[in-house]
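Quick notes on the structure that follows.
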Amino acid sequence: MIQKPKGTKDVLPDEIDKWQFVESTAAGVFENYGFSEMRVPTFEYTELFERGVGDTTDVVQKEMYTFNDKGGRSITLRPEGTAGIVRAFIENGLASKPSPLKIRYTMPMFRYENVQKGRYREFNQIGAEIIGTSSYLADVELISMADKYLKEIGIENVILNINSIGCPECRKNYQEAFKKFIGNNFEYYCDTCKSRFEKNPMRILDCKEKKCKELNQGAPVILDYLCEECKTHFENLKSALNELKIKYKVDSSIVRGLDYYTKTVFEFVSTEDGLTVLGGGRYDGLVNEFGGGNVPAVGFAAGEERLISLVPNKFLVKYPLDLFIVTMNDKYNLKAMEIANSLRDFMLVQTNIADRSFNAQMKYANKLGAEYVIVIGEDEIKKNMCKVKNMESGEEVECKLDPDEIENVICCNDEF
Ligand code: HAM
């Protein structure tokens with residue numbers, strides 16, 4: 001049998017409630033903050049990610065699904081959403097819309113990763129971007145929206161870690177200090193780190209190799225090298241979070257895995273499994289990098305699979321089957337469908353569509369968890385009456401074989 005590719009996932013009917021809950025709650029919460037949904041292509045020209053995400057990142061160097069299309073162009077399945085959103089922002093002239101622009105998205109992403117718990121090759125991100133302001137208030141709004149969202153879907157066991165990785169100015173001084181720190185240990189780093197030393201030394205801090213992590217212990221921290229503007233931005237952010245009573249920890253080791261970040265970076269990490277469920281930060285240089293001028297921005301994305309693994313079952317909205325209409329004979333199936341169609345304006349109804357006997361239909365209705373059952377047979381049709389049976393209590397209420405009457409019995413009858 002052909003199986004699904006490694007690192008992908010089938011979402012089965014039994015699991016879909018959680019996916020819909022997580023997605024619809026995001027839509028509801030984010031829309032109430034003024035975020036509008038946007039969708040961008042699943043694949044882009046490879047150069048977009050090389051320039052946007054950075055050609056010395058793991059994502060670009062090791063994890064992209066890249067191929068030449070039949071026209072010989074290099075195409076990449078998007079490994080993340082921000083680069084595509086920013087490209088679309090520029091290409092569609094969205095800078096002319098009221099600024100800042102608030103965008104939300106739910107989209108699949110693709111990374112050729114080492115598959116493990118919470119790490120897939122195709123995964124879904126729920127993200128939000130604010131494009132067009134450099135104010136720390138946008139960072140605050142995004143973080144508080146993320147905090148509210150996680151609470152609304154029942155994820156309480158997370159901690160918020162924040163850091164500032166400064167602007168290109170602060171980074172110059174920091175990189176000098178960091179290179180000095182590496183000094184004679186250079187030869188012990190992995191080949192990838194060595195290759196990043198000249199071009200982008202900060203990426204060495206993000207290396208997942210055990211020996212490189214050990215060598216990085218005690219490295220200087222970027223927070224000590226922030227310029228006045230970046231320092232003020234970070235101080236303002238911290239005071240605002242304190243004022244809004246959003247708990248956080250400053251974690252100077254967060255550098256994030258993508259090159260476009262400037263100033264604020266943040267991650268919500270699950271205390272249950274240690275995985276980052278949501279991560280983001282400011283990217284003031286990305287729009288300019290793509291030729292869209294000096295437009296600062298900030299955003300985040302949450303991994304939907306990771307959210308779903310943490311949503312408590314009690315937070316699920318259940319969609320039980322309200323009514324199953326059983327037929328005694330095939331000739332009544334269309335009558336059942338007609339009644340069901342009218343009732344479907346108000347409730348979830350199913351009928352016999354599988355050539356089944358009375359007993360088999362009752363069994364099926366039970367398996368589906370039907371709350372009520374109606375049986376239509378010769379008698380019911382002749383008298384134009386039926387019995388609405390409550391499957392849990394076994395009680396029956398007689399009424400006309402008419403959608404309005406049936407609805408009235410199910411929704412308003414105190415006997416049930
Ligand atoms: P990221 O940290 O690479 O940031 O990914 C965001 C979230 O996606 C992670 O925190 C994690 O929950 C989830 N995620 C990442 N890789 C995987 C994977 N292989 N399997 C399952 N889940 C995964 C970004 O992608 C940025 N674009 C976020 C952003 C938006 N920054 C500013 N705006």
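The values are calculated or read from the model by the stated rules, or taken from the named source; none is laboratory data. Please read all numbers here as calculations on a predicted model, not as lab measurements. We place every Cβ from the backbone using ideal geometry, glycine too, and count neighbours over all the protein chains shown. Accessible surface areas use protein heavy atoms only, side chains included; no ligands, DNA or RNA. Shrake-Rupley method; radii C 1.70, N 1.55, O 1.52, S 1.80 Å.
Things worth noting here:
- Of the residues making up segment 257-293, those that are within 21 Å of K231 (Cβ to Cβ) and among the polar types (S, T, N, Q) are T262, T264.
- Top-ranked residue in segment 122-163 [being open to solvent by 30 Å² or more (accessible area, probe 1.4 Å) and near the ligand (Cβ under 10 Å from one of its atoms); ranked as nearest to A27 (Cα to Cα)]: N124
- Filtering segment 358-383 to residues that are closer than 21 Å to E338 by Cα and open to solvent by 70 Å² or more (accessible area, probe 1.4 Å) leaves F358, Y364, E371, E378, D379, K382, K383.
- Test: residue in segment 76-92 that is of a type outside the set (A, V, I, L, M, F, W, C), open to solvent by 10 Å² or more (accessible area, probe 1.4 Å) and away from the ligand (no atom under 14 Å from the Cβ): yes
- Exclusive hit being in contact with a Leu (Cβ under 8 Å, 6 or more places away or on another chain) and more than 16 Å from the ligand (Cβ to nearest atom), set L334, L343: L343
- Members of segment 93-118 that are open to solvent by less than 70 Å² (accessible area, probe 1.4 Å) and more than 25 Å from G291 (Cα to Cα): T106, P108, F110, R111, E113, V115, G118
- Where a residue in segment 157-179 is closer than 25 Å to L307 by Cβ and its partner, wherever it lies, is open to solvent by 50 Å² or more (accessible area, probe 1.4 Å) and at pLDDT below 95, with Cβ under 8 Å and at least six apart: N157/E272; N163/S253
- Whenever a residue of segment 367-390 is of a type in the set (D, E), its partners that are in a loop (DSSP other than H, G, I, E, B), lying with C-beta atoms within less than 8 angstrom and at least six residues away or across chains, give the pairs E371/P320; E371/L321; E371/D322; E371/M391; E371/E392; E378/M328; E378/N329; E380/L401.
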